[in-house]
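Structure, as structure tokens:
The values are calculated or read from the model by the stated rules, or taken from the named source; none is laboratory data. What you see is a predicted model, and the numbers here were worked out from it, not measured in a lab. Here Cβ is always computed from backbone atoms with ideal geometry, including for glycine, and neighbour counts include all displayed protein chains. Quick note on the areas: whole protein, heavy atoms, side chains included, nothing else; ligands and nucleic acids left out. Shrake-Rupley method; radii C 1.70, N 1.55, O 1.52, S 1.80 Å.
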Amino acid sequence: MKYLNPMDFYGEIFKDILKKEDYLKPGRLLGLDVSDKYVSLAVSDWKNKTAVPLRALDRLEINMDLMADMIQSLISEHNLVGFVVGIKHAKPMDAQTRNFIDHLCKTGKVQGLEYTIWEFGITSKPLVIQIVRSFRCVTECRICIQTASEIYIREFASALASAALGHVTNNYEKCYAVCALQGYLDCTNKMVKEDWD
């Protein structure tokens, strides 16, 4: 796996995919975030407009070879062309994430793919608005549900909103891959639109 800065990744790999008019089998991106407990994964939709959560892998329960096998199967299943790795700060990758990427590369199961980094706190306002709208819709549909269920729904929406805003709290870290990937998708889609104008 080779690192490219976000602009080079866009120019060399992703720009042509975004401009492609044939959507039969376009290339997609995998969002990946490494935290103390989880490796969260997200994938772009077939139009590369929206990040969709896939799963959170428990780092304590799954070894690196098994994680590499899972990621390798996702590459072919989703026609992945690269990774967007979520980072906590705009500057260098933290040691935990760097070590994970290094170990993933050493497995040899992700050769030929490039990756870039994106700060998961840099998320679009539309994502936050979408989360709030989803929460409102869910709560409107659940008026007759027990109080415990309503609390769960509020906690879930709060988790998504916290992740979108970059706040670190317990299990909310499972959402960070979605936030990092969505931030990158929003930015690159805007860049393509400006190039077309």
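What pairs come out if I take residues in segment 55-70 that are in contact (Cβ under 8 Å) with a residue 24 or more places away in the chain and pair them with residues that are part of a helix (DSSP H, G or I) whose C-beta lies under 6 Å away, six or more apart or interchain?
What qualifies is ALA56/LYS174; MET64/HIS103; ALA68/LEU104.
Quick one: in segment 1-19, which of the residues that are of a type in the set (A, V, I, L, M, F, W, C) and surrounded by 14 or more Cβ atoms within 10 Å (Cβ to Cβ) is nearest to LEU104 (Cα to Cα)?
Start the filter on segment 1-19 by keeping residues that are of a type in the set (A, V, I, L, M, F, W, C), which leaves 1, 4, 7, 9, 13-14, 17-18.
Now drop any that are not surrounded by 14 or more Cβ atoms within 10 Å (Cβ to Cβ), which leaves 1, 4, 9, 13-14, 17-18.
Details: MET1: 9, LEU4: 16, PHE9: 19, ILE13: 21, PHE14: 22, ILE17: 25, LEU18: 27 Å.
Among them, the one singled out is MET1.
Counting only residues that are closer than 23 Å to CYS179 by Cβ and charged (D, E, K, R), which one in segment 56-73 is surrounded by the most Cβ atoms within 10 Å (Cβ to Cβ)?
ARG59
Return the residue satisfying two criteria in turn: it lies in segment 20-55 and is among the aromatic types (Phe, Trp, Tyr) and more than 18 Å from GLY86 (Cβ to Cβ), and of such residues it is least open to solvent (accessible area, probe 1.4 Å).
Applying the first criterion (among the aromatic types (Phe, Trp, Tyr)) to segment 20-55 yields 23, 38, 46.
So of that shortlist, the ones also more than 18 Å from GLY86 (Cβ to Cβ) come out as 23, 46.
Working: TYR23: 88, TRP46: 128 Å².
By that ranking, first place goes to TYR23.
If only one of LEU4, LEU80 is over 20 Å from TYR176 (Cα atoms), of a type outside the set (Gly, Ala, Ser) and at pLDDT 85 or above, which one is it?
LEU4
Is it true that some residue in segment 36-47 is closer than 21 Å to GLN111 by Cα and at pLDDT below 85?
Here is the first cut: in segment 36-47, the residues closer than 21 Å to GLN111 by Cα are 39-44.
Filter once more, keeping what is at pLDDT below 85: none.
No, because not a single residue in segment 36-47 is closer than 21 Å to GLN111 by Cα and at pLDDT below 85.
When residues of segment 88-129 are filtered for being outside any helix (DSSP H, G or I), under 22 Å from GLY183 (Cα atoms), of a type in the set (Ser, Thr, Tyr) and modelled with pLDDT of 70 or more, how many remain?
The initial filter retains those residues of segment 88-129 that are outside any helix (DSSP H, G or I), namely 88-94, 107-124.
Restricting the remaining residues to those that are under 22 Å from GLY183 (Cα atoms) gives 88-94, 113-124.
Remaining after also requiring of a type in the set (Ser, Thr, Tyr): 115-116, 123-124.
With the extra rule that they be modelled with pLDDT of 70 or more, the set shrinks to 115-116.
Looking only at that region, the number is 2.
Among (1) touching a residue at least 60 places away in the same chain (Cβ under 8 Å); (2) surrounded by fewer than 20 Cβ atoms within 10 Å (Cβ to Cβ); (3) of a type outside the set (Phe, Trp, Tyr), there is one condition GLY86 misses while meeting the rest; what is its number?
(2)
Do we have GLY27 as within 30 Å of ASP195 (Cα to Cα) and under 11 Å from the mean Cα position of the chain (by Cα) here? Full working, then the answer.
On the way: within 30 Å of ASP195 (Cα to Cα): yes; under 11 Å from the mean Cα position of the chain (by Cα): no.
No; evaluated as a whole, the condition is false for this residue.
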